[in-house]
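Please read the structure below before turning to the comments.
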Amino acid sequence: MQHNVLILDFGSQYTQLIARRVRELNIFCEIFPYNKVPEDLSSFKATILSGSPFSVRADDAPHPDLSQIRGKMPLLAVCYGAQYLAHFDGGEVTPSNTREYGRANLSYVDDHDTFFEEVALNSQVWMSHSDTIKKLPTNGICLASTKDVENAAYRIDGEKTYAIQFHPEVYHSTDGKQMLENFLVRIAEVPQNFTPNAFVEEIVAELQEKIKGDKVVLGLSGGVDSTVAAVLLNKAIGENLYCIFVNNGLLRKNEFQNVLDQYKGMGLNVKGVDAADRFLDQLAGIEEPEAKRKAIGRVFIEVFDDEAHRIEDVKWLAQGTIYPDVIESISVKGPSATIKSHHNVGGLPDFMKLKIVEPLRMLFKDEVRRVGASLGIDPELLGRHPFPGPGLSIRILGDITKEKVRILQEVDAIFIEGLKSHGLYDKVWQAGAILLPVNSVGVMGDERTYEKVVALRAVESTDGMTADWVHLPYDFLMKISNEIINKVRGVNRVVYDISSKPPATIEWE
Ligand code: XMP
């Protein structure tokens, strides 16, 4: 992949956001922990230093070696980065005695400097630091101030080095994106060539070069990531890609057949494996949520391993890993997940000993969708809500039976179809139904009923880490509730979940 911008991470909660803003400018960038700077920097055209929870004055604060970067390519230092440059080069950083958290306005801006082109005086910026730059570093020239922060931005005379104490990547910095564009495009002259089409062209060539004539196996889930990964690989290596789509018996109503047909229509070499009974047998009688997840994970590995063995001489396992997972695993805070899997190498199933290929490992979720669109994947598939790997099992509270799966599939289908036909589906990030382990008394006609309760859940979110319940229209909820109770045998009551995450979670188990 082409390298354009290097982002050095000092552990800030906003580092991923910097990368997203840079990508929005169609510029490719990669995040590296501050202590793992790549040796060969020849392909990078600019560097951005992130913020950090540390104080530069602390003994254990990150102290990166910037000798191959500063003065050798354009550099933008954000927050901690700005303080770091000052602290170690003739400036002075002290604890701030005024409040430097939240919104502030640029009361002075050097509008002759390219960095602030098209940035209005009084532009709002987002501050988040407890230290402040009292004295600029050697050759520092102040470029902007706020009421409380004199040295809000500076540059180093004679270098293309810029430093700002606020966070341009945060949405509340109104002109933040403009400043990033000024720095990257106008000052550093980085090409804006990272488009979905360019990505496809480059990754297909890279995959062909890497995999050559080998066979690759990939597990499809019906979700966006694995589908886009499969289509990319199919474009690169055609019939040498073997896809496996497992029915664990816990998918949505008719999903196994529908998605399988859709995959075949896309020209993928896919084998549908109906293992529903095998999963349901293994789940019988298990009530505890973590035990259910573990059982499903175990059976999936068994089924996938069996199938992968049928493909003669397969060399690679393809995965739909995306960039946030990669960042997590290499983060400053440490790759805990990776360490565990290394410990397990001896006991891994055979397919996990294959070489790994991850065509989407450099993309954010929204970029995966755009790449999918440029590959001609059906927008309906690309716009599907996330669906958990353990499927309906974690939405059936308590033990799982075929009958409970049937009930929940019916309820879920009515809810999801209703969202679609009322134009609400795309306004919701994730939706589904939960089957509760209680019966309630009702009355139908003149008869007393004693049947199941279901909960409906619809949330707004960007990444599933936090979520708000969606205020679905009452009329809609009324119609859906009536339809569920009238049509689904075994359900006599519908409730709507009005909990946000945190403190609740999206799934109930
Ligand atoms: P929670 O319930 O933790 O869910 O708020 C956050 C997001 O993750 C999905 N989820 C899972 N996905 N395997 C998955 O592949 C799982 O075990 C799992 N548990 C939760 C959930 O659907 C939501 O999108």
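The values are calculated or read from the model by the stated rules, or taken from the named source; none is laboratory data. Bear in mind the structure is a predicted one, so any value in this text is a computation, not a measurement. A quick note on method: Cβ atoms are made from the backbone with ideal geometry, for glycine too, and the neighbour counts reach across all protein chains shown. Heavy atoms of the whole protein, side chains included, go into the accessibility calculation; ligands, DNA and RNA do not. Shrake-Rupley method; radii C 1.70, N 1.55, O 1.52, S 1.80 Å.
Only one entry in Ser374, Ser461 is of a type in the set (Gly, Ala, Ser) and either in the same structural domain as Val231 (by TED's automatic domain parsing) or open to solvent by 50 Å² or more (accessible area, probe 1.4 Å) (or both), namely Ser374. Here the strands (runs of 3 or more DSSP E) wholly within region 403-509 that include at least 3 residues being within 16 Å of the ligand (Cβ to nearest atom) are 430-444, 447-460.
Only residues that are surrounded by fewer than 16 Cβ atoms within 10 Å (Cβ to Cβ) and either closer than 15 Å to Ser226 by Cα or touching a residue at least 40 places away in the same chain (Cβ under 8 Å) (or both) were counted in region 272-290, giving 3. Only one of the listed residues (Gln178, Gln208, Gln165) is in contact with a helix residue (DSSP H, G or I) (Cβ under 8 Å, 6 or more places away or on another chain) and either surrounded by fewer than 24 Cβ atoms within 10 Å (Cβ to Cβ) or basic (Lys, Arg) (or both). That residue is Gln208. Report yes if Gly91 is touching a residue at least 60 places away in the same chain (Cβ under 8 Å) and open to solvent by less than 80 Å² (accessible area, probe 1.4 Å), otherwise no. The answer is no for Gly91. Within region 490-509, residues that are within 23 Å of Met478 (Cα to Cα) have Cβ atoms under 8 Å from residues that are more than 16 Å from the ligand (Cβ to nearest atom) and assigned to a loop (DSSP other than H, G, I, E, B) in these pairs: Tyr496/Leu472, counting only partners at least 6 apart in sequence or on another chain. Residues of region 41-53 that are at pLDDT 95 or above and either farther than 13 Å from Val5 by Cα or basic (Lys, Arg) (or both): Lys45 alone. Scanning region 132-145 for residues that are in a strand (DSSP E or B) and surrounded by fewer than 24 Cβ atoms within 10 Å (Cβ to Cβ) yields Thr132, Lys134, Lys135, Gly140, Ile141, Cys142, Leu143, Ser145. If you filter region 383-402 down to residues that are surrounded by fewer than 19 Cβ atoms within 10 Å (Cβ to Cβ) and hydrophobic (A, V, I, L, M, F, W, C), you find that the one that is nearest to the ligand (Cβ to nearest atom) is Phe387. If you check Ala188, Ala198 for being without any contact (Cβ under 8 Å) to a residue 40 or more places away in the chain, open to solvent by less than 60 Å² (accessible area, probe 1.4 Å) and under 30 Å from Ser374 (Cβ atoms), only one passes: Ala198.
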